[in-house]
Amino acid sequence: MSKLDYSAVKAVVPLGDYVLSLVFENGEEGLLDLKLILNFGVFTRLKDYQSFQRVRVAFDTIEWDCGVDLDPEYVYSHCKLQPDSIATPYPEAEITLLDLRGALKGGSADDFSKERARAKEAVSKG
């Protein structure tokens, strides 16, 4: 049996401009920009931003309500991992990653949902 070339996705939050904020099982965090794949095959379904925002964790990767999913190795290898400082080019990601980090330390799915809503509200208040 070979060693996995990825870490499973533990949490995902959609940000602006077709970027996802991700937390992996190994504790790493990062951003995945999906703009480059939106013109290919089933990924065109994600051009509808409302569809894009309905992303969730499924098994060890991510999927959308519209039937699109991504290979977990692709997600991990194309994700721009963030250092512990959480400094990113997306200001809303700084809040989101910090809140996700706190919620995932022993938190439940309900805790995660509350943290996600709080982070979105904080971003909208700017």
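Specify the residue that is surrounded by the most Cβ atoms within 10 Å (Cβ to Cβ); the eligible residues are those in segment 11-34 that are closer than 15 Å to D69 by Cα and of a type outside the set (A, V, I, L, M, F, W, C). Going through the qualifying residues, I end up with P14.
Residue count for segment 35-69 satisfying the condition of being over 18 Å from K80 (Cα atoms), of a type in the set (K, R) and loosely packed, with under 15 Cβ neighbours inside 10 Å: 3. Annotation: E92 fulfils all but one of (1) among the charged types (D, E, K, R); (2) touching a helix residue (DSSP H, G or I) at 6+ places or on another chain (Cβ under 9 Å); (3) surrounded by 13 or more Cβ atoms within 10 Å (Cβ to Cβ); (4) at pLDDT 90 or above; the unmet one is (4). The residue of segment 23-41 that is farthest from T61 (Cα to Cα), among those that are without any contact (Cβ under 8 Å) to a residue 40 or more places away in the chain and charged (D, E, K, R), is K35.
The values are calculated or read from the model by the stated rules, or taken from the named source; none is laboratory data. None of these values were measured; they are calculated from a predicted model. Counting neighbours? That spans all protein chains shown, and the Cβs are built from the backbone with ideal geometry, glycine included.
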